[in-house]
Amino acid sequence: MPNHDQPRIPDGWVGGFAQSRPEFAYPNPDLGSLDMLKNMDNIHLLTRQQAILWPEFSWETEPGQPDPKRCFQMFAPDISRIGYDDEGRVYAIICPQQGIETPSLGSINVEITVTGTRGWVDEATRELACDMSVEARVWFAPGYEQNPAVMMLWTMLQEFGHELPISKDKAIVVSTHEPGNPDQPIFRVLKGETTRVHTPRFADHSDEAWSVGHIEVQVGTIVPTHDPVLDGFNQLLLEILNTSGGNLLKAGNVLTWNIWVNHPEVVDQEKWRTHAEKWRLSIDVDHVSDARRRSPSRFADGTPFHVADEIVEWEVAQIMAYMRKQWSPQQRVLRKVKSVARAFFRLANPFRR
């Protein structure tokens, strides 16, 4: 059970929105009568918030196998927020970001971007019920310009009119949907911990959180750019990310996370407006957020998740095969491919044991 010994709730709570329609009630809250709102369009209506200080994610690192080797990780803390008014109507949710390190291409940002939301919070019962739609965005983290292999790739792609995903607005976009229903992009945020898996002790924050909810969402496919060369590269980069990150964004995998929240607070609307961008920029290549690190990826028994030692050679081979496939007819580019190969293999040396 969440901790009930928390600072006093700030004045101003009215409540009542959760009870305004009978279909909103548990055990099966139906929020379909509410419009799905753009996540950041109604900041002027926010008066209260709950910070998600402990976003505990879980996913299968080997989905489809007899032992899928489920992994657990707390994403960067104190980025996510649930924003609502004094009656408890939810108008905005900020979801977490994370960095994943790949041996050959350095750090890559992963952001869960909310595209729509609706729902309610009840401070009196410490419950919530929301619907959300999200997409995952993937792009090279700041510092990519210090990676010679990335810069070689960028130079080569630019020569043919293409760009690498080096910023959020140029990010690879991965769709998501309700588990088992790829035609339904809306999924639910419900009270309590997920029942899909048992929460290991290291991911349990009931002694410090004010309340807890949970989310389950299935990973879809990359949203196409309709540029075959760039789509091919984006797919390759996602495969590299999944290999280093334990298939976090593998199509068909189901992500679950418990959202352990802090006590209610009064919203500063301007701070809310700038919060997500501020924290995204504060995450560097070592995944540091406000001097507090996200937890390492680990299995339920606490054993750390590690990629195979030979992963860098696999990454290099995949990238080089892609380059040769795309541009083998052009001798000028082939010479650059060889330069990229040398850069990759120089990067690979420090990882070999």
How high is the relative contact order of region 108-197, in percent, counting Cα pairs under 8 Å that sit 6 or more residues apart?
31 percent
Just list whichever of Lys38/Lys250; Lys170/Lys191; Lys170/Lys271; Lys38/Lys325 have alpha carbons separated by over 30 Å in the model shown.
Lys170/Lys191; Lys38/Lys325
Distance from region 203-256 to region 120-160 (C-alpha centre basis), Å
10 Å
How many nm separate the modelled label positions at Glu163 and Asp11, each set 7 Å beyond the Cα in the direction of the Cβ?
5.0 nm
Considering only the other residues whose Cβ falls under 15 Å of the Cβ of Arg188, what net charge follows from Lys and Arg at +1 and Asp and Glu at -1?
-4
Within region 154-232, trypsin sites (Lys or Arg not before Pro) in DSSP loop having at most 12 other beta-carbon neighbours inside 10 Å
Arg196
18 Å Cα-Cα reach of Lys168 towards aspartates and glutamates, excluding residues that sit fewer than 8 places from it in its own chain:
Glu101, Glu111, Glu135, Glu145, Asp231, Glu277, Asp284
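All of the numbers you see were taken from the coordinates with simple rules; none came from a lab. Since we're looking at a predicted model, the values are computed, not measured. A quick note on method: Cβ atoms are made from the backbone with ideal geometry, for glycine too, and the neighbour counts reach across all protein chains shown.
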